[in-house]
Amino acid sequence: MRSVLRLLLVVLGSCAYAGLAVLGWGGFRLFFSHPAFVALVVVLLALSVVASFAGGNLSAGVHEARGNRWVIPVFVTIGFLNAYLPAYTDRRELWTIDGDTIRWVGVALFTAGGALRIWPVFVLGERFSGLVAIQPGHTLVTGGIYGVIRHPSYLGLLINSLGWSLAFRSGVGVLLTVLLIPPLLARIDAEENLLYSQFGNDYNTYRSRTWRLIPGIH
């Protein structure tokens, strides 16, 4: 029953997100006359269904870095702006990137970023929290994708957001994606400090041989 409720909530949230884009583009008929937009919404709903089975939680666990909670309303605000404004500016031809090919590049990036965003949630399961927190029985994962990049889900979030913006050829959307970076880096700092306090030198050793967010940058 819990998994069904979670699926329902995630899908409803995604429909609301897509609905803002539809509103920005002037209605269902105009929006869904674009094949790239149809593909974008199909991918959004598919990712939502997959994400509902990925695990994760919003638990403060046994130890939380509460001072980092301010980033959550920032992410939510930027997210909702990015749902509506790229579609609106695309329709009004405001600060747009020329060419229809860019829409399909955006769809591809949105798909890849969404998959990268969800993959680590499957790996971590209930250790993955919407809060910066140590969960009961928390262990340090250093294999798979985490053997290369320490924060793959956050990289996926940026790629996903950029893809959504480019699907609407939106310079405003690209700017909104850039605005995600400062709070995201603040969250990463809080997370790494918390993990160091929990795992000590083991985390420092892991950190020394992996990239933080982007390959080549420790």
Find the residue count for segment 134-173, including only residues that are aliphatic (A, V, I, L, M) and without any contact (Cβ under 8 Å) to a residue 24 or more places away in the chain.
1
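Per-residue answers, yes or no, for (1) in contact with a helix residue (DSSP H, G or I) (Cβ under 8 Å, 6 or more places away or on another chain); (2) under 17 Å from SER161 (Cβ atoms); (3) not polar (S, T, N, Q):
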position: ARG6; (1), (2), (3): yes, no, yes
position: VAL11; (1), (2), (3): yes, no, yes
position: GLY19; (1), (2), (3): no, no, yes
position: GLY24; (1), (2), (3): yes, yes, yes
position: PRO35; (1), (2), (3): no, no, yes
position: LEU40; (1), (2), (3): yes, yes, yes
position: ASN57; (1), (2), (3): yes, no, no
position: GLY114; (1), (2), (3): yes, yes, yes
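Can you say whether ILE188 is out of contact with any Gly (no Cβ under 9 Å at 6 or more places or on another chain), part of a helix (DSSP H, G or I) and either within 15 Å of ALA83 (Cβ to Cβ) or at pLDDT below 95 (or both), as far as the supplied structure shows?
Values: out of contact with any Gly (no Cβ under 9 Å at 6 or more places or on another chain): yes; part of a helix (DSSP H, G or I): yes; either within 15 Å of ALA83 (Cβ to Cβ) or at pLDDT below 95 (or both): no.
Judged against the criteria, ILE188 is not a match.
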With the condition kept exactly as written, say whether any residue in segment 114-133 is open to solvent by less than 10 Å² (accessible area, probe 1.4 Å) and modelled with pLDDT of 95 or more.
yes
Residues (at pLDDT below 95 and open to solvent by 30 Å² or more (accessible area, probe 1.4 Å)) located in segment 146-184
VAL148
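Just name the residue that is nearest to GLY99 (Cα to Cα) out of those in segment 185-204 that are open to solvent by 40 Å² or more (accessible area, probe 1.4 Å) and over 19 Å from the mean Cα position of the chain (by Cα). Spell out how you get there, then give the answer.
Pass one, segment 185-204, residues open to solvent by 40 Å² or more (accessible area, probe 1.4 Å): 185, 189, 191, 193, 196-199, 201-202, 204.
Narrowing the set further to residues that are over 19 Å from the mean Cα position of the chain (by Cα) leaves 193, 196-199, 201-202, 204.
Values: ASN193: 44, TYR196: 47, SER197: 49, GLN198: 49, PHE199: 49, ASN201: 50, ASP202: 49, ASN204: 46 Å.
Per the stated criteria, the residue is ASN193.
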Of the conditions (1) open to solvent by 20 Å² or more (accessible area, probe 1.4 Å); (2) in a helix (DSSP H, G or I), the single one that ASP98 does not satisfy is (2)
Selected residue (only one of ALA18, ALA60, ALA65, ALA39 is under 24 Å from ILE181 (Cβ atoms) and open to solvent by less than 50 Å² (accessible area, probe 1.4 Å)):
ALA65
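The values are calculated or read from the model by the stated rules, or taken from the named source; none is laboratory data. Since this is a predicted model, take the numbers as computed values, not measurements. A quick note on method: Cβ atoms are made from the backbone with ideal geometry, for glycine too, and the neighbour counts reach across all protein chains shown. Each accessible area value is taken on the protein alone, full model and side chains, heavy atoms only, with ligands, DNA and RNA left out. Shrake-Rupley method; radii C 1.70, N 1.55, O 1.52, S 1.80 Å.
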